[in-house]
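Trainee: Once you've had a glance at the structure underneath, I'll fire off some questions.
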Amino acid sequence: MKITQHSNNLRQITFLGFSNCYLLREADGFTVIDTSVGGCAKQIAAAAREFGGEIRRILLTHAHGDHIGSLDALHDLLGGVDVAISEREAPLLHKDMTLRADEPKGKLKGSYPGAKSRPTHTLTDGELYGSLRCISTPGHTPGHMSFLDERDGTLFAGDALTSIGGLHPVTNPPWYFPLPKMATWDFQLADASARRLLECRMVCIATGHGRLVTNGRVELERALENT
Ligand SMILES: [Zn+2]
């Protein structure tokens, strides 16, 4: 496990060298964004305490196993804090893989292990959740959601983008890190979502896999040149 502190409000915790979750300080404590793979709950909770507070809520970008792996253990450990995920992604959290009538018919990819924890809140596009503006970014999964911290412009892009070996749309990663692309459901939607993120006033970009990208807008424009 590696902890990287980016500001007084933000810590990045990286497991297995490639799987990120984030501790974001809000007025009442921390929001943890994604929970990485299984077996990380105690370390995430300890990292929050060491950062000076308690986790108040768990926020999920999407329902893949490397983002919800420690959800149940963390939820149990914290005594039932709020859990939030997009309205569209919520069924995938309990392994309901049914596609909606207006969605592309491609097969869902990647691991959806499900969880026993139920969302206490489902998110809709444009909603403000704490300091985070919710931005619907489907494609990697049907209900993938990104979050913009409106206080400082940190964009939490989940697997809409990856930043191992530089910033890339999930459909066009470097050859040595193909996993998020292999787990992507619909490439066309994923590319449209990556382009949609250009509309937001981001300063830096925090992804599910890879380093924090500090010059977010310039790097995203560059990354999208070839899509
Ligand atoms: Zn994913």
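Trainee: Criterion first (touching a Leu at 6+ places or on another chain (Cβ under 7 Å), within 27 Å of residue 1 (Cα to Cα) and at pLDDT 95 or above) does residue 63 satisfy it?
Mentor: yes
Trainee: Is there a residue being farther than 17 Å from residue 108 by Cα, modelled with pLDDT of 95 or more, within 15 Å of the chain's Cα centre (by Cα) and within 16 Å of the ligand (Cβ to nearest atom) anywhere in the range 169-187?
Mentor: Taking every residue of the range 169-187 in turn, at least one turns out to be farther than 17 Å from residue 108 by Cα, modelled with pLDDT of 95 or more, within 15 Å of the chain's Cα centre (by Cα) and within 16 Å of the ligand (Cβ to nearest atom).
Trainee: Okay, next question. Looking for whichever is surrounded by 14 or more Cβ atoms within 10 Å (Cβ to Cβ), more than 16 Å from the ligand (Cβ to nearest atom) and either under 19 Å from the mean Cα position of the chain (by Cα) or touching a residue at least 40 places away in the same chain (Cβ under 8 Å) (or both) here; the options are 108, 74, 59, 78. Which one fits?
Mentor: 74
Trainee: Does residue 206 meet the test of being in contact (Cβ under 8 Å) with a residue 40 or more places away in the chain, part of a strand (DSSP E or B), in contact with a His (Cβ under 9 Å, 6 or more places away or on another chain) and within 16 Å of the ligand (Cβ to nearest atom)?
Mentor: Here the answer is yes, as residue 206 does meet what is asked.
Trainee: With respect to residue 143, is the statement that it is more than 16 Å from the chain's Cα centre (by Cα), under 25 Å from residue 223 (Cβ atoms) and within 16 Å of the ligand (Cβ to nearest atom) true?
Mentor: When the stated conditions are applied, residue 143 does not pass them.
Trainee: Can you say whether residue 121 is under 28 Å from residue 201 (Cα atoms) and buried (at least 19 other Cβ atoms within 10 Å of the Cβ), as far as the supplied structure shows?
Mentor: no
Trainee: Just to verify a result, which residue in the range 137-156, among those that are in contact (Cβ under 8 Å) with a residue 60 or more places away in the chain and in a strand (DSSP E or B), is surrounded by the most Cβ atoms within 10 Å (Cβ to Cβ)?
Mentor: 145
The values are calculated or read from the model by the stated rules, or taken from the named source; none is laboratory data. Quick caveat, the model's predicted, so the values are computed rather than measured. Using ideal geometry, Cβ is built from the backbone for each residue, glycine included, and neighbour counts are taken over all protein chains shown.
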